Amino acid sequence: MSSTTSNEIVVTDQIIPESGVTHERSTSHFGWVDVRGLTDSVRDAVIAAALNYGLDGIISDDPAVLRDLPPTVRRILFSDTTGAVDSDETDSSDADLVLVNDANSPEHAPTAVHVVVSDAPTLSRACDLVRYTPWTVLTFTDPTKIPLEIVIAAAENSGGKTVTVVNDITDAEIVKLVLEHGSDGLLLAPRHADDVVALAAILTPSADRVQLSHLTVTGVEHIGMGERACIDTCSLLELDEGCLIGSFASGMFLSCSETHPLPYMPTRPFRWNAGAVHSYVLTPDNRTRYVSELRAGQPILAVRSDGTAREVRIGRVKIERRPLISITATSPDGKVINVIAQDDWHVRLLGPGGSVNNVTELRAGDVLLGYVPTEARHVGLPITEFCDER
């Protein structure tokens, strides 16, 4: 039996646009596609997409389909006959793996086994298989992910790989995240090539890095009452993690989450006391949105003081009328940047090294962290045009 060039596909793609936002795509999860049952034209399109997007494996029950595949993809022959690995009737010479159903597996331990988990006995069987089988393909008949969690826990440190059959792209997104680690691999039976593209996108999520700058405070002014918003997320935030917010698209400040102790109130490590409702907030894919437009369930970008970033989801946006404070600063290239926040000591902005700066104690000359893009904005999208914000 031949072997593929690697056991795991790791895709890395780095794009550094002029905006200073870096998108790094990497993953240790892999994807398989099952082309059985597809018409010739659809099957060929699916295979072409799988090869183009670097998926790890292609499953077929026809050795001829696998024969001409390049060595960059794992060729997996599905056989439903008893003792398939040793059967003279099955031509497995062009396959890297022969996948057999558990009920039909030979007495000696096969390399790849498919098991259907539908009750307690089959769940126990799956937990046994993942401890000694190099490749265990799992089909779960019930919509709950609890059995998958149990199998993933059983597979910990086993050295084998779990591959979970997913019903569709939405299911793939969920399976990937089960117990944070998720299944090692996702197996999808695509209906068309677009399904392969969507699966590849799930396997290579973007991880953003923002090029932060030092902003020097030039003025602080108490400006009276207005509406400000708290952004509560569905994630626990780090001590030096904030969101980028500002009055102008030409520059934003790195706000501080309520992760640091305060007198008279508990910490709320999921929250930013973000700023006035007109403010821009940076979201994934280098877009901005007004604070007033944000809604529960939408994504926002959480950025750390070293520039690393991640997508988090909004759980709540709470708008209330409060006294406001205006903070103006300049960037290294002389741009004037502003943010308007709640005028209270417990509202803070982050500085170099993750330093925490209470807005009411800021003075001219203090240095804060922020983001200074090179483009203007139109409906939240970067655009190269003249734009003067004051």
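When only residues in the range 271-283 that are over 10 Å from C230 (Cα atoms) and surrounded by fewer than 22 Cβ atoms within 10 Å (Cβ to Cβ) count, which is modelled with the highest pLDDT?
Checking each candidate, the answer is H278.
Among V21, V85, V10, which is open to solvent by 20 Å² or more (accessible area, probe 1.4 Å), modelled with pLDDT under 90 and closer than 30 Å to P284 by Cβ?
Only one candidate passes the filter, namely V10.
What about D62, is it charged (D, E, K, R), closer than 19 Å to V166 by Cβ and either modelled with pLDDT of 90 or more or more than 32 Å from the chain's Cα centre (by Cα) (or both)?
It is false that D62 is charged (D, E, K, R), closer than 19 Å to V166 by Cβ and either modelled with pLDDT of 90 or more or more than 32 Å from the chain's Cα centre (by Cα) (or both).
Name the residue, out of V217, V210, V196, that is surrounded by 15 or more Cβ atoms within 10 Å (Cβ to Cβ) and touching a Pro at 6+ places or on another chain (Cβ under 9 Å).
On inspection, the qualifying residue turns out to be V196.
For the condition of a type outside the set (D, E), farther than 21 Å from N101 by Cα and touching a helix residue (DSSP H, G or I) at 6+ places or on another chain (Cβ under 7 Å), what is the one hit in I150, I174, I146, I169?
I169
The values are calculated or read from the model by the stated rules, or taken from the named source; none is laboratory data. As the structure is a computational prediction, the values presented were derived from the model and not from experiment. So basically every Cβ, Gly included, is an ideal-geometry build from the backbone, and we count neighbours across all protein chains shown. Note: areas computed on protein heavy atoms with side chains; ligands, DNA, RNA excluded. Shrake-Rupley method; radii C 1.70, N 1.55, O 1.52, S 1.80 Å.
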